[in-house]
Amino acid sequence: MSLTPDDVRKVARLARLAMSEAEIHTAQSQLNGIFDLIASMQAVDTRGIEPMAHGQDVVQRLRPDVVTESNQREHFQVIAPQVEKGLFLVPQVIE
């Protein structure tokens, strides 16, 4: 797919961009380069290759999900301006 200067003008108008003729030709060249790169990537045969969540074959180290600290809610709520039934009360910010 190759863009013409008229295509670039139309896209610039839709994006509300004011572009000079030099900028239009520069953008046309850059966009056509991007489309060529996309076309070459789509030409690669990827049948038989499983999708990956990450570019490298890495595994995240996991730790056991165990409680390591005691509950200190009452200790922290002593200095809170307002508390009710174990909850911090804050001013309403959305009406």
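Coordinate-derived values only; no laboratory data. Not measured: the values here are computed from a predicted model. Cβ placement follows ideal geometry from the backbone for every residue including glycine, while neighbour counts extend to all protein chains displayed.
For helix 21-42, what angle does its Cα long axis make with the longest principal axis of the chain, in degrees from 0 to 90 and rounded to 10?
70 degrees
So what's the angle, to the nearest 10 degrees on a 0 to 90 scale, between helix 5-14 and the longest Cα principal axis of the chain?
Roughly 30 degrees, rounded to the nearest 10.
Given labels modelled 7 Å from the Cα in the Cβ direction, how far is it in nm from Val66 to Glu50?
3.1 nm
Can you compute the charge dipole magnitude of the chain about its Cα centre, using +1 on each Lys and Arg Cβ and -1 on each Asp and Glu Cβ, nothing else charged? Give it in debye, rounded to the nearest 20.
Dipole magnitude for the chain comes out near 140 debye.
Would you please give the residues with an amide H less than 5 Å from that of Val83, counting only those at least 5 places away or on a separate chain, with H modeled from the backbone geometry?
Counting only residues 5 or more places away or on other chains, the set is Leu89.
Quick one: among Pro51, Pro81, Pro64, which has the greatest mean-square fluctuation in a GNM of the chain with alpha-carbon springs under 10 angstrom?
Pro81
Could you check which residue among Ile79, Ile49, Ile34 shows the biggest mean-square fluctuation in a GNM of the chain with a 10 Å Cα cutoff?
Ile79
With viscosity set to 0.890 mPa s at 25 °C, what whole-number translational diffusion coefficient in µm²/s follows for the chain from Stokes-Einstein and a Kirkwood radius over Cα pairs?
Stokes-Einstein gives a translational diffusion coefficient of 118 µm²/s.
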